[in-house]
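Have a look at the structure below before the remarks.
The values are calculated or read from the model by the stated rules, or taken from the named source; none is laboratory data. Nothing here was measured: the structure is a model prediction, and the numbers come from that model. Glycine gets a Cβ as well: all are built from the backbone with ideal geometry, and neighbour counts include every protein chain shown. Areas reflect the complete protein model, heavy atoms only, side chains present, ligands, DNA and RNA absent. Shrake-Rupley method; radii C 1.70, N 1.55, O 1.52, S 1.80 Å.
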Number of protein chains: 2
Amino acid sequence: MDAVKECLRNFPKEARELYLNDAVPYLDGPLSPLQVYREWIGPNKPCIIRNAFSDWPALSKWNPTYLREKVGSKVISVAVTPNGYADAVNGDRFVMPEERQMTFSSLLDIIEGKVKSNGVFYVQKQCSNLTEELPELTGDVQTHIPWMSEALGKHPDAVNFWLGEKSAVTSKLYQPATYRQKEDGNFETVDEEDSTKVPWIPLDPLNPDYERYPSYKLAKPVRCIVKAGEMLYLPSLWFHHVQQSHGCIAVNFWYDMEYDIKYNYFQLVESLTNAVG
Amino acid sequence: MDAVKECLRNFPKEARELYLNDAVPYLDGPLSPLQVYREWIGPNKPCIIRNAFSDWPALSKWNPTYLREKVGSKVISVAVTPNGYADAVNGDRFVMPEERQMTFSSLLDIIEGKVKSNGVFYVQKQCSNLTEELPELTGDVQTHIPWMSEALGKHPDAVNFWLGEKSAVTSKLYQPATYRQKEDGNFETVDEEDSTKVPWIPLDPLNPDYERYPSYKLAKPVRCIVKAGEMLYLPSLWFHHVQQSHGCIAVNFWYDMEYDIKYNYFQLVESLTNAVG
């Protein structure tokens, strides 16, 4: 059994020796679909692409005045929490954010600090809310990333509009493939149904509990900063955590992963780590 | 430990459920480089491509008369064995074939049955013998597969000419990445230096010794027949065994594998199977 544990400990070390980067590389401009596949999608490595959407009107247009004019009166669903942690484990349960219905203008009032409010407000949906709920804004962006769509042979499964203030963080680490969205109207506590299907991870990477999760000492997080005008390619099956330096907007293009050889291997590692405890 | 073994036993089952085919699919004509990458190289799945080299003069030209005329007087290196098994394990050693120097014409005499000879004769080199030793024949083929070279972003590391009679088989299963060619002039017995670097596998898939290798009962070999004019894409890290139905020529384009995420996972599985014994 020690030999098995040793194999599992060596695995990420060998990954770093073989092909993983210590930092997320920057690319200058979009690649060809084939290059994207061969160099990033295939090896499942993240990268940051500059000048990938310089032609989007959103880059210059999207400011509070414009957004109030275009979508100010629209009612949107905002995740509200007392502390910015949209999901936090409490004992053997976790608390989901309040999903508050409010106009876009009222949200901007809070983000801009014009209105004081208890709680941290974050629009961070996975339901293609940009195309479904805010079609007025789609003319300012592209509704897919052409070279990524061509590489993957499909269009995104969701295009999401995220708007959050400085304190908003994603405290959840999850497998994109199995991510599920709850549409609760109020704070509530919900039992975790099945840990393999809803892999909420009760570890806060900003303040890890090494006593409860000693293995996390072995983790080597890769940190990167994505600035305005930059695009992050985050591969499937990468556990991740997001913080914002200030109030900002992000557009997220979600391409569903393939359940292929890499997922097959990922599941093996997951089941083995469960087996060795 | 039983749980670990169970994980490893489930792994190939899940692979078949998730993405692997029971049979090798046939494609009609070459794909685009991007499709090749996305559908076959990325998922590491074999396929047979028809009409991929219909324009090669070799298809109509390569017969004994033509070959005698073009390269008959050239001296080539032929693997000679008593039984067609180019490498056979004997106790804790294995016997390599005799590498006999002979003219192409003398080899054809034997393949055609014009001359009787003891032993089985097979030209099966990995040293780019087509381009290096038989440049007279390269005008009849392409020296690379354009859509595969574009997909992989490089040219083949070796282009090999294989010519064998019916009884010639490859009895070795190996990792392409670590395959090594010995250049011995005579029969000899050689110690296996390091089983992870020279992964000769002492199991004959045509006559497996289940008593010594009981796990092989769990193997589900995928069988396919590659006919004249067809091309087999055999991904890296696939253990394989080749037989010929009759004397025939094959051209092998060898693109070195990438030591990437898939190799990383492969090594994990290899080290785990060693760890559980």
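List of remarks:
- Filter pass, residue B:255 being touching a Pro at 6+ places or on another chain (Cβ under 9 Å), away from chain A (no Cβ under 14 Å), open to solvent by less than 60 Å² (accessible area, probe 1.4 Å) and not acidic (Asp, Glu): no
- Selection within region B:1-10: residues that are in a helix (DSSP H, G or I) and open to solvent by 30 Å² or more (accessible area, probe 1.4 Å). The member of this set that is nearest to the other protein chains (Cβ to nearest Cβ) is B:3.
- Number of the exception - residue B:117 against (1) at pLDDT 85 or above; (2) out of contact with any Asp or Glu (no Cβ under 7 Å at 6 or more places or on another chain); (3) open to solvent by 10 Å² or more (accessible area, probe 1.4 Å): (1)
- Residues within region A:237-251 that are open to solvent by 30 Å² or more (accessible area, probe 1.4 Å) and under 14 Å from the mean Cα position of the chain (by Cα), tallied: 9
- Residue satisfying all of: in region A:157-170; more than 15 Å from the chain's Cα centre (by Cα) and not acidic (Asp, Glu); modelled with the lowest pLDDT among these: A:167
- The numbered conditions (1) within 23 Å of the chain's Cα centre (by Cα); (2) open to solvent by less than 70 Å² (accessible area, probe 1.4 Å); (3) modelled with pLDDT under 95 are all true for residue A:91 except (1).
- Here residue B:149 passes the criteria (1) open to solvent by less than 50 Å² (accessible area, probe 1.4 Å); (2) of a type in the set (Ser, Thr, Tyr); (3) closer than 24 Å to residue B:70 by Cα except the one numbered (3).
- In region B:203-214, residue most open to solvent (accessible area, probe 1.4 Å) [restricted to those that are closer than 25 Å to residue B:7 by Cβ and without any contact (Cβ under 8 Å) to a residue 12 or more places away in the chain]: B:212
- Only residues that are open to solvent by 20 Å² or more (accessible area, probe 1.4 Å) and within 20 Å of residue A:263 (Cα to Cα) were counted in region B:38-57, giving 4.
- Residue within region B:215-234 that is within 14 Å of another protein chain (Cβ to nearest Cβ), touching a residue at least 60 places away in the same chain (Cβ under 8 Å) and in contact with a Lys or Arg (Cβ under 7 Å, 6 or more places away or on another chain) present: no
- Being open to solvent by less than 40 Å² (accessible area, probe 1.4 Å), outside any helix (DSSP H, G or I) and either under 19 Å from residue A:148 (Cβ atoms) or at pLDDT below 95 (or both) is a property that does not hold for residue A:232.
- Tally, over region A:36-52, of residues that are without any contact (Cβ under 8 Å) to a residue 12 or more places away in the chain and either more than 8 Å from every other protein chain (Cβ to nearest Cβ) or farther than 16 Å from residue B:32 by Cα (or both): 2
- In region B:18-31, the qualifying residues are those that are open to solvent by 50 Å² or more (accessible area, probe 1.4 Å) and more than 9 Å from chain A (Cβ to nearest Cβ), and the one that is nearest to residue B:224 (Cα to Cα) is B:23.
- Members of region A:104-156 that are hydroxyl-bearing (Ser, Thr, Tyr) and assigned to a helix (DSSP H, G or I): A:105, A:106, A:131, A:138, A:149
- Of all residues in region A:179-215, those that are modelled with pLDDT of 90 or more and of a type in the set (Phe, Trp, Tyr) total 1.
- Boolean, residue B:173 is at pLDDT 95 or above and open to solvent by 10 Å² or more (accessible area, probe 1.4 Å): no
- Residue selected from region B:258-274 under the condition in contact (Cβ under 8 Å) with a residue 24 or more places away in the chain, open to solvent by less than 40 Å² (accessible area, probe 1.4 Å) and more than 22 Å from the chain's Cα centre (by Cα), by the criterion farthest from the other protein chains (Cβ to nearest Cβ): B:269
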